[in-house]
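A quick write-up on the structure given underneath.
The values are calculated or read from the model by the stated rules, or taken from the named source; none is laboratory data. Computed from a prediction, not measured in an experiment: that's the story for all the values here. Please note: Cβ atoms are built from the backbone with ideal geometry, for glycine as well, and neighbour counts cover all protein chains shown. Note: areas computed on protein heavy atoms with side chains; ligands, DNA, RNA excluded. Shrake-Rupley method; radii C 1.70, N 1.55, O 1.52, S 1.80 Å.
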Amino acid sequence: MRKLAILLLLFSFGFSWAQEQTSPLVNKKNEFRVDVLQALAYGKISVSYERFFEGSFSVGVNGNFSNSARIEDDYNNGFRNNIPRYEINPYVRYALSKSKARYYFAEIFASANGGDFKEIVRENSGGNGFYTIKETQYNDFALGGSLGYKMYFKDAFALEVLVGFGSNLTNKEMSPDVISRVGINLGYRF
């Protein structure tokens, strides 16, 4: 009986000591990330900065710049009528798990995006009608949401998987209908 009481006392002391220990990530409030999926699959440069607050909230901004030969070829050959060139995404995240080292999160984001748009228009000249391709640039604003999972290695290196979608709101006849936030990010928290 005495051994059981000592064992329970040691176990409860160890359990309370483990709860009082905080992760080193709590003191690291900043993180930079690069999206390797977007770079390999689409030729996009995608970088992110995130600032962590006390509790489960964080805010950040993501920037995407596209210069993909494959998407450019699709646009030039008429398989698509718009080509996104840039995207700036401010976001707010909420951690759905209690762990600081591995957790699921939900995100709400906005997107300022723009690129090139082309359409076939009919023009008249001297009583003759003909068709031409008219190219313009578009700018739009979108709102959306994402879900993801993040894990840290050695209390500094991050691996993040993110899937989310939004809808453009102001210039739907030129801009893409759907804005996607899909990526595999590698980062460093400091």
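Quick notes on this one:
- Residues located in the stretch 178-188, provided they are touching a residue at least 40 places away in the same chain (Cβ under 8 Å) and either among the hydrophobic types (A, V, I, L, M, F, W, C) or surrounded by 15 or more Cβ atoms within 10 Å (Cβ to Cβ) (or both): Ile179, Arg181, Val182, Gly183, Ile184, Asn185, Leu186, Gly187
- The residue that is modelled with the lowest pLDDT, among those in the stretch 151-190 that are closer than 24 Å to Asp116 by Cβ and polar (S, T, N, Q), is Asn171.
- In the stretch 46-100, of all residues being open to solvent by 80 Å² or more (accessible area, probe 1.4 Å), of a type outside the set (Phe, Trp, Tyr) and farther than 26 Å from Phe153 by Cα, the one that is farthest from the chain's Cα centre (by Cα) corresponds to Asn77.
- Pairing each residue of the stretch 41-57 that is modelled with pLDDT of 95 or more with any residue that is hydroxyl-bearing (Ser, Thr, Tyr) and open to solvent by less than 90 Å² (accessible area, probe 1.4 Å), provided the two are 6+ apart or on different chains, yields C-beta distances under 8 Å for Glu50/Ser58; Arg51/Ser58; Phe52/Ser58.
- Residue count for the stretch 147-177 satisfying the condition of being under 20 Å from Phe65 (Cα atoms) and touching a residue at least 12 places away in the same chain (Cβ under 8 Å): 13.
- Selection count, the stretch 150-177, where residues are open to solvent by 60 Å² or more (accessible area, probe 1.4 Å) and either within 14 Å of the chain's Cα centre (by Cα) or among the polar types (S, T, N, Q) (or both): 4
- Counting only residues that are over 17 Å from Gly43 (Cβ atoms) and open to solvent by 20 Å² or more (accessible area, probe 1.4 Å), the stretch 111-120 holds 4 of them.
- Test: residue in the stretch 17-35 that is under 21 Å from the mean Cα position of the chain (by Cα), under 27 Å from Asn171 (Cα atoms), β-branched (Val, Ile, Thr) and modelled with pLDDT of 85 or more: no
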